[in-house]
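K.L.:
The structure that follows is given in the form of structure tokens.
The values are calculated or read from the model by the stated rules, or taken from the named source; none is laboratory data. What you see is a predicted model; the values in this text were computed from it and never measured. Backbone-built Cβ (ideal geometry, glycine too); neighbour counts: all protein chains shown. Areas reflect the complete protein model, heavy atoms only, side chains present, ligands, DNA and RNA absent. Shrake-Rupley method; radii C 1.70, N 1.55, O 1.52, S 1.80 Å.
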Amino acid sequence: LMYAAYTTALKLYSPGDEDVSTPLMFGYMGLSNLVLLAPVVLIVVLTGAESLALLSWKVFGLLVCKGLLDNVLSDYLWMRAVLLTSPTVASVGLSLTVPFAFLTDLLLHGEAPQGLAIGGAVLVIVGFILVAISGAREDRERSESLALNGGDRDEPRDDAPTVRRVRRWCVRQVNLCR
């Protein structure tokens, strides 16, 4: 339920791909998580429910690398997919990991999936194609409707100037550090 709300809000409040500062958005998400979850971790450690005694600097470094390569990269690519397509297409596209896992097992280990697994993978691929075609058709019809009606009066207000100001400020800060 929360995933659906997050995906839909992302698409709703970011009207176009060019209007979204991806690093800024992920920075705000990270800051929010830090502020909201750090007290929870502190309480868990102080009450003794969990111990950080086994957490060495090597393990901490490996956790950071895994988080950056796995979570940040996959979330960034997923967010780009939501902005470039739709929340539905991007979410259904995540299910393509199952057929790709079968293909990887076949190519790297020579292990072929069983008959039902192959049938399920084919159904996942067909479902993704149908959702993508349907989403493209809906986008095309909406664009044509907006062109005929002169725009949508119920659209959320355009925050692009604010995003551009924040982006210019960030670029100036990076240039000052050079």
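K.L.:
Quick check: with the 1.4 Å probe, what order do MET25, MET79, MET2 take by accessible area, largest first?
P.N.:
Result of the area sort, largest leading: MET2, MET25, MET79.
K.L.:
Please compute the per residue accessible area over segment 45-134 with all protein chains in place, 1.4 Å probe, rounded to a whole number of Å².
P.N.:
For segment 45-134, the per-residue accessible area is 72 Å².
K.L.:
Just how much of PHE102 is accessible, in Å², when a 1.4 Å probe is used and the result is rounded to the nearest 10?
P.N.:
60
K.L.:
While we're on this one: Within segment 45-78, report the chymotrypsin sites (Phe, Trp or Tyr not before Pro) that DSSP leaves as loop and that have at most 12 other Cβ atoms within 10 Å.
P.N.:
Passing sites in segment 45-78 do not exist.
K.L.:
Sort VAL35, VAL126 by heavy-atom solvent-accessible area, probe 1.4 angstrom, most to least.
P.N.:
Heavy-atom accessible area, descending, gives VAL35, VAL126.
K.L.:
For segment 1-133, what is the convex hull (Cα atoms) projected area averaged across all directions, in square nanometres?
P.N.:
12.0
K.L.:
To the nearest 0.05, how large is the calculated FRET efficiency for SER134 and TYR76 if R₀ is 35 Å and r is the Cβ-Cβ distance?
P.N.:
According to the calculation, E is roughly 0.85.
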